[in-house]
Amino acid sequence: MLPLFPLGGVLLPGARMPLQLFEPRYLELAQRLAHEPEDERAFGVIRIRHGHEVGDGAATDLHEIGCEARVDAMALSRGDAGTVVHLVARGARRFRLDGLDEGAGTSFLTGSVTWLDEPADDDPEVTALVARVLAAHARYLETLGARTDPVPAGPREVAYRVAERMVLDPADRQRVLDGADTATRLRTVLSLLGRETAIVDRFSALPTPTDLGGASLN
């Protein structure tokens, strides 16, 4: 069983996500995490399909694929607005949500999950796809007028790191997370790069940030 943190955004493996928790149910989650050994502090971030992150009746209609979030740091602050837990997590393993545990006895959601194994990168296309994605990413950044820094990642992480650097709708990030293997994710990111570069090039319009993995207030 895995504690769940439904969000409107998407956490990708290897990505950093700062969170500010103040809803009672997530303060309960933070308390539970604080009592775990540091190397076992983890929960699942999963995208909401319909509904809202906060408030009564918050969404339980969730996407199937989520990402484990491992806690790097936690800090508590108290003020006029009440208690706030500042938490920094990093994406780790992907999982499939098999169902919600209605008998968990917690105010936050708990899910039954299956951890998704990463197939061996023996697809002969992977090396070529990595080169194509990195070249397309460089063109995308040049079109935006941004600096073309290297992407420090192995073949398995390239799709995640490039998607993390792009301005994408959460639905597109979910498509990347859903990819069953490295080659599939690389093809998805290559398609997204082509689409976004064409839009900027044709309309001279810079993308508007929608979900850059910043702090989420809950």
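In region 22-50, which residues are surrounded by 21 or more Cβ atoms within 10 Å (Cβ to Cβ) and either small (Gly, Ala, Ser) or at pLDDT below 90 (or both)? Ala30, Gly44, listed by residue number.
What are the pairs with Cβ atoms under 9 angstrom where one residue, in region 14-25, is closer than 16 Å to Ala81 by Cα and the other, located anywhere, is assigned to a helix (DSSP H, G or I)? Sequence gap at least six, or different chains. Here the result reads Leu21/Leu27; Leu21/Leu29; Leu21/Ala30, each pair linking region 14-25 to a residue that is assigned to a helix (DSSP H, G or I). For region 61-86, a residue qualifies if it is surrounded by 14 or more Cβ atoms within 10 Å (Cβ to Cβ) and closer than 29 Å to Ala180 by Cα, and the qualifying residues are Leu62, His63, Ile65, Gly66, Cys67, Glu68, Ala69, Arg70, Val71, Asp72.
Candidates in region 133-189 are the residues that are of a type in the set (S, T, N, Q) and in a helix (DSSP H, G or I); of these, the one that is farthest from Ala120 (Cα to Cα) is Thr143.
Among the residues making up region 83-111, a single one is in contact (Cβ under 8 Å) with a residue 40 or more places away in the chain and acidic (Asp, Glu): Asp101. Checked against (1) free of Cβ contacts under 8 Å to residues at least 40 places away in the same chain; (2) within 23 Å of the chain's Cα centre (by Cα), His137 meets all criteria but (1). Mind listing just one residue for me: the one in region 188-205 that is surrounded by fewer than 16 Cβ atoms within 10 Å (Cβ to Cβ) and not aliphatic (A, V, I, L, M) and, of those, modelled with the highest pLDDT? In this case the residue turns out to be Ser191. Highlighted here are the strands (runs of 3 or more DSSP E) found entirely within region 1-109 that include at least 2 residues which are closer than 30 Å to Met166 by Cβ and over 17 Å from the mean Cα position of the chain (by Cα): 65-79, 82-100.
The values are calculated or read from the model by the stated rules, or taken from the named source; none is laboratory data. This structure is a prediction, so every number in the text was calculated from the model and none was measured. Counting neighbours? That spans all protein chains shown, and the Cβs are built from the backbone with ideal geometry, glycine included.
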